[in-house]
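Each value in this text was obtained by applying a stated rule to the coordinates, not by laboratory testing. These numbers come from a predicted model, not from an experiment. So basically every Cβ, Gly included, is an ideal-geometry build from the backbone, and we count neighbours across all protein chains shown.
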Amino acid sequence: MRKVLFVFAAGAALAMVSCSKDETSSLNTGDGIAFRSAMGTRAQETTINNLESFKVTALTDTGTPYFTDAVFTKQSVSGTTGSFTSDPVYYWPATGSLSFYAYAPSTLSGVTIDNTTKSVTVTPSTTIADQIDFITANANGNKSDNEGAGVPLEFKHRLSQIEVKAKNTNNAYIYLVKGVKIGSVASSGTFDFSNSSWQQGNEKTDYKVEYNTAITLDDNAQTIMTKISEVADNAMLIPQTLSKWDPSTDPTNTNGNSFLSVLVNIKTKDGAQVYPETADAYGWAAVGINTTWAENTKYIYTLDFSKGAGNVDPDEEHGGDEIFGEPIIFDVTVKGWEPADPQPDDVEM
């Protein structure tokens, strides 16, 4: 008999074979349960190279668990193909269909998949570098249709990926950046495996990253999510609709609306300190955002400091204050010549 196998084929395709001999009535000597699945992705954070394991729950036609949270672990990788097996192994039941619900990471807790409930509450780590991609896949199959060919199983990213970049084309100012904050967004959400939908939680939090070596902004938009490596530690957050922070009406953000904030030091090119007031110090400069984040989608915000620096972060002293005023302009007039009075005497040549 064949063991349960998950196999990634070309293009990150994945296939699974599973068997069960726990119940004598379900034993058979045919091929094991097999899946042909692919990663449906825009930002491929989870790939065959870094996916070590995932869990699968199978329900019968009546909603009875056939197996629950079976862990499939990577056994081998060859090019774009990988094999995953479970212990114990599972086989196709002789009759009836199975509904499969797969997810990763396999360390995710609190998952409930049964006849009445198919959900999990996801709370991303407040440390962006520790956040983990959350992927799921659903499929149906039976012995007669899928024993040989396998069951198509497509994993999709269920979180929203957020990257923040920044630039400055105004060479009158020098901007040094040491961090970024995604402020006042939903900290958790409940995912429904049955229809792949989210219910946004009510609690909000901030997600931020800070680093010791400053990034100097120039006219090329560059990530400010990290200074550790060339690969940005982008945020993986709950899909949600954001309401924009408005510093003119709610400077301290009592309504809990959303914003992006940058830990920045601003000087003129001649060395005068602009923000914060203390030389060589850093302060948070913020701007409101009102995007709707969809799952399986990467959002890149580019903050352009060329014409200003937004407002003081609502969580800081003097929150909501403008960092820059309007551009310096001069109302120029040239006064006409005044005649000398008296005029010089005539000069003989």
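Rounded, prolate or oblate: which fits segment 185-265, taking a ≥ b ≥ c as square roots of the Cα gyration tensor eigenvalues, rounded meaning a/c under 1.5, else prolate when a/b beats b/c? Don't skip to the answer; put the middle values down first.
Values: a/c = 2.66, a/b = 1.37, b/c = 1.94.
Oblate, because a/c is 1.5 or more while a/b does not exceed b/c.
Taking the mean number of other Cβ atoms within 10 Å as a proxy for protection, how do you rank 282-294, 314-326 from highest to lowest? Walk me through the intermediate numbers first.
Values: 282-294: 19.1, 314-326: 14.8.
Averaged packing, sorted descending, gives the order 282-294, 314-326.
Looking at segment 160-312, what % of its DSSP beta bridges pair antiparallel, to the nearest 5?
On the way: 39 of 48 bridges.
Percent antiparallel among DSSP bridges in segment 160-312 is about 80.
Provide the gained length on full extension for the span T123 to A221, in nm with one decimal, where the gain is 0.36 nm per separating residue minus the Cα-Cα distance.
Values: separation 98, 0.36 × 98 = 35.28 nm, distance 3.02 nm.
Full extension of this stretch gives 32.3 nm more.
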